[in-house]
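Undergrad: Can you read through this structure? Questions will come right after.
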Amino acid sequence: MTTPSFLTDFHRVAEIGATPNHGVDRQAATAEDRETREWFRTFAQTRGWEVRVDGIGNQFALVELVPGAPYVLLGSHLDSQPLGGRFDGAYGVIAGLHAADRIANSHAAGDAAAPRFNLAVVNWFNEEGGRFAPSIMGSSVFAGIMDEAEMLEVRDLRGVSVREALDQIGYLGSDARPEIAAYAEIHIEQGRILEREGIPIGAVDSSWYTQKLDIEVLGEQSHTGATLMSDRHDALLGAAKVIQRVHEVTDQFPPETLVSSVGQLTLEPNSPIVVARRVHLVADLRADDEAVVLAARDRLLADIRLIEAEHGLTIHARDFDVRANQHYPESGIRLSEEVAASLGLGARRIRTMAGHDSVAMNRIAPTVMLFIPSVDGVSHCEREFSRDEDMAAGVDFLTEVARRLLTG
Ligand code: HGY
Ligand code: MN
Ligand code: MN
Ligand code: MN
């Protein structure tokens, strides 16, 4: 049973940055992001929990159960994609807060097994990477995978740095980071497997290899009417051919073994009668097998050289946001399977093609990653949806996982 307040809180947070078709737009360090952070802080402080903000804007709620002990950390991210879904990330943060609330209450009532650790909930900064690249930024800095000073200087397309943006919303913190004993994250699957098989819980065992290619196409600005075709060096035409090649290279691999898209493109000067001088685009390449991504990237780079020569362009391509395959610890998966049995909930092992903060945390602490079903498997869009009963079952599940991690 989950207290109705979980669903009330979930729907309350979904109103922050709400978009016309039931999505949200709460990009990192925007006013909408600040508003969810205020909600998170109020939830914790009304329960007497300590709240901290670290140097990259990660926000923590700390529930002290064993003075001086490390923390079992629950959480996910409240930032979203532009025109994103209201479940991605937010579900895991609100579920974490409610799991912590239930555990804190049972400890206060004296009817809980003696814990070895404290409990905390985190709202990671900039998991999505839509405004500031790379993604999974806050948890990667926390895990020591990315450098804090370097990430604070990353700038968005308008030239605003992470440092400036966090400062503007009052979340450029300096609090000490809690010591972590274990990490557990629950998230929507963002795929079709659990829904198709009618299984309420996924125990994530591995994540796909992913990387992005940051591509800059440089041509020559000219008049779309007065310039002879033989004199044109059209950056947008070159970019269009690069995008086409991304898909053609992907199609050279067995179906669904490699996934790719170009989702972001900026154009200069972007005028109807001016031949573009510069296009910036980002390609996202993912596969279960790292060798497939690397082979696809190499084919693409070779094709880019041909496009350069054919149109008299200069094209720069840079790997970034590279995330190696991750395998989650067997101990965590077995714990999830035991919890599923104790709650009478169906569960199955599942891989993730999407990246998550747990990919970073898995590098520094025993990590449990859990999924609930996504309706139609869609995400990163306003149509993203998960059912109340699946969300409620997930909160129950996460609470029981946290209880067991606390007694270690
Ligand atoms: O990269 C991802 O898949 C995540 O949504 N940031
Ligand atoms: Mn997410
Ligand atoms: Mn996402
Ligand atoms: Mn003119």
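Values quoted throughout were computed directly from the atomic coordinates according to the rules given, and no laboratory measurement underlies them. Note that the structure is a prediction, hence the values are computed from the model and not measured. Cβ coordinates were reconstructed from backbone atoms using ideal geometry, including for glycine residues, and neighbour counts include every protein chain displayed.
Undergrad: Could you check what % of the DSSP bridge pairs in the chain are antiparallel, to the nearest 5?
TA: 65 percent
Undergrad: Please compute the length gained on full extension between THR8 and ARG177, using 0.36 nm multiplied by the number of residues separating them and subtracting their Cα-Cα distance.
TA: 57.8 nm
Undergrad: With a Förster radius of 30 Å, plug the Cβ-Cβ distance of ARG318 and ARG116 into 1/(1 + (r/R0)^6) and report the FRET value to the nearest 0.05.
TA: 0.10
Undergrad: What FRET efficiency comes out for the pair GLU268/HIS247, r = Cβ-Cβ distance, R0 = 30 Å, nearest 0.05?
TA: 0.80
Undergrad: Taking the Cα of ALA18, stepping 7 Å toward and past its beta carbon, and measuring to each backbone N in the stretch 72-95: which are under 20 Å?
TA: Only 78-95 fall inside the zone, counting backbone N under 20 Å.
Undergrad: Divide, for the stretch 209-323, the radius of gyration over alpha carbons by 2.2 N^0.38 Å, where N is the residue count.
TA: 1.12
Undergrad: Determine the sum of side-chain charges near ILE188: Lys and Arg each +1, Asp and Glu each -1, restricted to other residues whose C-beta is under 11 angstrom from that of ILE188.
TA: Counting the neighbours of ILE188, the net charge comes to -3.
Undergrad: Cα atoms only, the chain: Rg and Dmax in Å?
TA: 22.6, 83
Undergrad: What ranking of MET146, MET151 emerges when the number of other C-beta atoms within 10 Å of each C-beta is taken as an exposure proxy, fewest first?
TA: In increasing order of surrounding Cβ atoms, one gets MET146, MET151.
Undergrad: Sticking with this structure for a sec: Just want the ordering: SER342, SER174, SER358, SER206, from fewest to most Cβ atoms lying within 10 Å of their own Cβ.
TA: SER174, SER342, SER206, SER358
Undergrad: Between GLN221 and THR42, what length in nm is gained on full extension when 0.36 nm per residue of separation is reduced by their alpha carbon distance?
TA: Length difference between fully extended and current span is 59.2 nm.
Undergrad: Which FRET efficiency, nearest 0.05, do ASP231 and SER206 yield, Cβ-Cβ r, R0 45 Å?
TA: 0.30
Undergrad: Which residue, ALA302, ALA143, ALA133, tops the fluctuation ranking in a GNM of the chain built on C-alpha contacts under 10 Å?
TA: ALA302
Undergrad: Across 5 Å bins from 0, what is the distribution of all Cα-Cα pair distances for the stretch 138-281, in whole percents?
TA: 2, 6, 10, 11, 11, 13, 14, 12, 9, 5, 3, 2, 1, 0
Undergrad: Roughly how big is the stretch 209-323's charge dipole about its Cα centre, with Cβ charges of +1 (Lys, Arg) and -1 (Asp, Glu), in debye to the nearest 20?
TA: With Lys and Arg at +1 and Asp and Glu at -1, about 240 debye.
Undergrad: Using only alpha-carbon positions, what ratio does the radius of gyration of the stretch 91-187 give when scaled by 2.2 N^0.38 Å?
TA: Relative to the rule-of-thumb radius for its length, the stretch 91-187 sits at 1.32.
Undergrad: In addition: For ASN325 paired with GLU50, estimate the spin-label separation in nm (one decimal), with each label point 7 Å from Cα along the Cα-to-Cβ line.
TA: It works out to 4.1 nm between the two label points.
Undergrad: Is there a quick way to get the dipole size of the chain? I mean about its Cα centre, with the Cβ of Lys and Arg at +1 and of Asp and Glu at -1; what is the value in debye to the nearest 20?
TA: Its charge dipole is roughly 200 debye.
Undergrad: Work out the charge dipole of the chain with +1 on the Cβ of Lys and Arg and -1 on the Cβ of Asp and Glu about the Cα centre, then indicate which of PRO269, TYR171, ALA112 is farthest towards its positive end.
TA: In the chain, that residue is ALA112.
Undergrad: Give me the angle, in degrees from 0 to 90, between the Cα long axis of helix 330-343 and the longest principal axis of the Cα atoms of the chain, rounded to the nearest 10.
TA: Long axis of 330-343 versus the principal axis of the chain: about 60 degrees.
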